[in-house]
1. Could you tell me how many of the residues in region 401-415 are closer than 18 Å to Tyr387 by Cα and in contact (Cβ under 8 Å) with a residue 60 or more places away in the chain?
2. So, in region 94-122, of the ones that are touching a Ser or Thr at 6+ places or on another chain (Cβ under 8 Å) and not in a helix (DSSP H, G or I), which residue ends up farthest from Val47 (Cα to Cα)?
3. Inspect region 175-187 for any residue being polar (S, T, N, Q), farther than 30 Å from Val108 by Cα, at pLDDT 70 or above and part of a helix (DSSP H, G or I) and give the result as yes or no.
4. Spot the failing condition for Arg122; the list is (1) within 30 Å of Ala83 (Cα to Cα); (2) open to solvent by 40 Å² or more (accessible area, probe 1.4 Å); (3) of a type in the set (D, E, K, R); (4) at pLDDT 85 or above, and only one is missed.
5. Looking at Lys190, Lys149, which is the one that is under 30 Å from Gln96 (Cβ atoms) and either of a type in the set (D, E, K, R) or at pLDDT below 70 (or both)?
6. Determine which single condition Val314 fails, assuming it passes every other condition in (1) touching a Lys or Arg at 6+ places or on another chain (Cβ under 6 Å); (2) of a type in the set (A, V, I, L, M, F, W, C); (3) surrounded by fewer than 19 Cβ atoms within 10 Å (Cβ to Cβ).
7. Of all residues in region 14-35, which are modelled with pLDDT under 90, crowded, with 17+ Cβ neighbours inside 10 Å and part of a helix (DSSP H, G or I)?
Amino acid sequence: MLRFNENNEIIREDEYRAVLVGLQRERQEDISYSMAELKGLAEAANVEVLGQMVQNLERPNTATLIGKGKVEELTQLVQNMEADTVIFNDELTGMQLRNLEDAVGVRVIDRTILILDIFAARASSREGKLQVELAQLQYRMPRLTGFGKSLSRLGGGIGTRGPGEKKLETDRRHIEKRMLDIKAELSQIKNTRSVQRARREKNQVPVVALVGYTNSGKSALMNRILAKTEKNEEERKVVFEKNMLFATLDVQQRSVVLDSNHQFILIDTVGFVSKLPHSLVNAFKATLEEVTYADLLIHVVDSSYENHDFHIDVTDQVLSEIGAGNKEKILAFNKIDLVDSAVVVPRPGTENIFISAREDINIDRLLDMIRSKIFSDEVSACLLIPYSRGDLSSYLCEKAEVSVMDYRENGTYFEVRLKEADYQRLKEYEV
């Protein structure tokens with residue numbers, strides 16, 4: 001979790017003891033699941049959760065979010081439990097952060113800071129680190145007054161416009177400049193990705209993207225698909241997988257070649273979570289953009305989780321926000337080996353499949369579904385390729401699904417399924 005010193009630098013500590021706080025508004029859905037998820041997020045950030053408090057309130061308190069009496073109760077609870085951190089389930093304003101820290105006497109953070117910290121700890125690529133830093137700065141900018149009294153001290157000397165300038169204004173200028181630098185660098189990375197995407201489109205290589213809630217098993221499914229399609233284990237490029245929240249932040253791309261010679265690009269994306277900070281969605285838009293260009297989405301769902309319908313709804317909401325809500329998709333209920341499939345109700349209006357990436361259940365069937373969807377424009381043909389055009393024969397063997405190949409007097413005879421564009425190019429050799 002994040003702390004900042006008087007020089008506006010991040011201080012990272014190893015262990016925290018925290019109390020969780022939630023606000024249950026009237027006419028709002030029950031937040032018990034959201035609080036349970038907050039506990040999981042806290043534990044993912046190496047925080048020991050000592051207890052939690054939920055207040056039922058018609059409308060939030062503008063000064064402290066929760067009521068005055070609850071603030072006093074929270075202060076007593078923190079002292080009795082010897083907690084050093086309070087984590088709120090709702091996003092706090094700078095004023096609320098300052099008022100709560102003054103009242104409770106310990107560090108106060110919210111769900112957004114917690115998620116941003118987990119992302120900061122897990123990001124490994126240059127792009128991922130830049131995206132997380134941008135999201136952190138976008139979150140901090142309007143809340144500078146709430147991040148401790150050190151930010152209001154006077155600044156001066158080299159790098160400031162005068163000895164009377166407040167450190168708060170200096171911080172704001174530094175943050176604005178840093179945000180511009182990050183956006184410029186991310187723009188360069190985005191341009192590089194656009195070139196790669198254009199090359200794929202020119203080669204007519206379709207793209208399949210794995211999407212879903214965090215820890216639903218997307219990376220495990222990618223590794224299972226790679227294990228089934230890559231014959232050479234030494235060249236197999238597995239992706240990192242672990243039973244933890246946000247194990248994968250950076251987009252992973254792998255080329256998949258099926259037994260039928262069909263080739264596509266498989267993309268593993270960052271997992272979603274409820275109340276995903278808008279600053280994080282905006283920062284990761286360049287990465288999530290790959291989803292909007294995909295030909296097919298595989299929406300991976302943790303079917304073993306009791307409230308997996310909530311996970312589906314959250315993922316669908318984020319997909320709509322990034323412009324991928326109407327993409328063709330397959331709903332893959334993963335981890336079916338851990339639950340009775342009879343209690344998992346398929347979603348109407350989309351294709352469903354029950355799978356287990358760990359136990360290799362229905363993965364071949366999933367690959368068949370992918371093939372039928374992204375290669376649906378293929379046609380069957382009988383071709384006689386002259387021996388003088390060995391390049392075309394080699395192309396068919398590599399790129400088409402060959403069912404019959406026979407060496408005849410006038411050339412090589414093929415019975416194949418191939419792309420419509422290839423068929424039009426080779427139509428003169430049809431027999």
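1. The number of residues fulfilling the criteria is 1.
2. Looking at the filtered set, the residue picked out is Gly105.
3. yes
4. Of the numbered conditions (1) within 30 Å of Ala83 (Cα to Cα); (2) open to solvent by 40 Å² or more (accessible area, probe 1.4 Å); (3) of a type in the set (D, E, K, R); (4) at pLDDT 85 or above, the odd one out for Arg122 is (4).
5. From the options Lys190, Lys149, the qualifying one is Lys149.
6. Every listed condition holds for Val314 apart from (1).
7. Ser34
To keep it simple, each residue is scored yes or no on (1) outside any strand (DSSP E or B); (2) of a type in the set (A, V, I, L, M, F, W, C); (3) without any contact (Cβ under 8 Å) to a residue 40 or more places away in the chain.
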residue	(1), (2), (3)
Leu276	yes, yes, no
Ile298	no, yes, no
Phe310	yes, yes, no
Gln317	yes, no, yes
Lys327	yes, no, yes
Arg358	yes, no, no
Ala381	no, yes, no
Ser394	yes, no, yes
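The values are calculated or read from the model by the stated rules, or taken from the named source; none is laboratory data. As the structure is a computational prediction, the values presented were derived from the model and not from experiment. Quick reminder, even Gly has a Cβ in these numbers, built from the backbone with ideal geometry, and neighbours come from all protein chains shown. To get the accessible areas, we keep the full protein, side chains included, count just its heavy atoms, and leave off ligands, DNA and RNA. Shrake-Rupley method; radii C 1.70, N 1.55, O 1.52, S 1.80 Å.
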